[in-house]
Amino acid sequence: MRYIHRLHRKDYGLTHGCVPLGSCTVKLNPAAAMLSLSWSEFTNLRPLAPTEQTRGYSALCLDLEQKIRDITALDAVSLQPNSGAPGEYAGLRVVRSYHNSKKESHRNVCLIPESAHGTNFASALLAGTVIVKIKCLADGRIDM
């Protein structure tokens, strides 16, 4: 156990401080919330598994989709893509579509800290937004 704890201390993560770059879906989740992802019921699910063997998994996904619809008031949602540049782009497209549907297409500015991952700028550009780069202070906070 001491060996594992020593290895844990060598790995920089949320238990040690802020993780400035990387997958947002990973850096914002507490370690305890990630435990269920190690359960064999999730990790051993096969893409071509028979429907009767995936009902629980499907129920979880449908429940999550409904909760997201309830929170966002969107008519429909998708759980894919779920992270990374494709997730950023999909999210930005949803925001742009929302503003366009409200006849607010002029609301097209995306504020991005200069310390942001390069995919943030690329996603915002591809989504058709006007990018405003925000300077960062010496301590890493944004200079608003």
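The values are calculated or read from the model by the stated rules, or taken from the named source; none is laboratory data. Quick caveat: nothing in here was measured; it's all calculated off a predicted structure. We place every Cβ from the backbone using ideal geometry, glycine too, and count neighbours over all the protein chains shown.
For region 120-141, what are the residues that are of a type in the set (Val, Ile, Thr) and closer than 17 Å to TYR98 by Cα? Full working, then the answer.
Let us first name the residues in region 120-141 that are of a type in the set (Val, Ile, Thr), namely 129-132, 134.
Within region 120-141, THR129, VAL130 meet the criteria.
Restricted to helices (runs of 4 or more DSSP H) entirely inside region 1-100, those with at least 2 residues that are over 30 Å from LEU126 (Cβ atoms) and modelled with pLDDT of 90 or more are 55-72.
Condition first: outside any helix (DSSP H, G or I) and either touching a strand residue (DSSP E or B) at 6+ places or on another chain (Cβ under 6 Å) or within 18 Å of ARG93 (Cα to Cα) (or both). Now tell me which residues in region 111-132 satisfy that. Answer for region 111-132, where residues must be outside any helix (DSSP H, G or I) and either touching a strand residue (DSSP E or B) at 6+ places or on another chain (Cβ under 6 Å) or within 18 Å of ARG93 (Cα to Cα) (or both): LEU111, ILE112, PRO113, GLU114, SER115, ALA127, GLY128, THR129, VAL130, ILE131, VAL132. Residue-level analysis places GLU65 outside the set of residues that are surrounded by 13 or more Cβ atoms within 10 Å (Cβ to Cβ) and touching a residue at least 24 places away in the same chain (Cβ under 8 Å).
Filtering region 94-110 to residues that are closer than 21 Å to GLY84 by Cα, in contact with a strand residue (DSSP E or B) (Cβ under 6 Å, 6 or more places away or on another chain) and surrounded by 13 or more Cβ atoms within 10 Å (Cβ to Cβ) leaves only CYS110. Checking each residue in region 43-76 for being touching a Leu at 6+ places or on another chain (Cβ under 9 Å), of a type outside the set (Asp, Glu) and under 28 Å from THR119 (Cβ atoms) picks out THR43, CYS61, LEU64, ILE68.
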